[in-house]
Amino acid sequence: MSEENVKTDNLSMEQHLDEIETLIAKLEDRNVSIEDSFAYYKAGMEHIAACNSLMDAVEKKVQALNEQGDLVDFQEV
């Protein structure tokens, strides 16, 4: 695997998770080199960071109904 940055822009959460699963399968291969293992790990961490960013963005958009039936911004518990 080359040492290039993972292109995480414009991927959906599901696509990131699919990529992570693929990388895990590659890491589980007993014949993978230590250099490739590190590259797969790094790529996986980049996908996880992108997933976290997507989740943060969604969390900020979530709204809840208050007791009066009005929409209010989501607040962390």
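The values are calculated or read from the model by the stated rules, or taken from the named source; none is laboratory data. What you see is a predicted model, and the numbers here were worked out from it, not measured in a lab. Neighbour counts are summed over all protein chains in view; Cβ atoms, including those assigned to glycine, are modelled from backbone coordinates with ideal geometry.
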Pairs please, first residue from region 7-36 and surrounded by 14 or more Cβ atoms within 10 Å (Cβ to Cβ), second anywhere and of a type in the set (A, V, I, L, M), Cβ atoms under 7 Å, 6+ apart in sequence or on different chains. 8/50; 11/50; 16/50; 20/48; 23/43; 26/32; 36/1
For the structure I just gave you, tell me whether residue 1 is modelled with pLDDT under 95, surrounded by 11 or more Cβ atoms within 10 Å (Cβ to Cβ) and part of a helix (DSSP H, G or I). no
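Matching residues to (1) more than 25 Å from residue 18 (Cα to Cα); (2) loosely packed, with under 10 Cβ neighbours inside 10 Å; (3) at pLDDT 95 or above; (4) acidic (Asp, Glu):
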position	(1), (2), (3), (4)
39	no, no, yes, no
46	no, no, yes, yes
59	no, no, no, yes
69	yes, yes, no, no
73	yes, yes, no, yes
76	yes, yes, no, yes
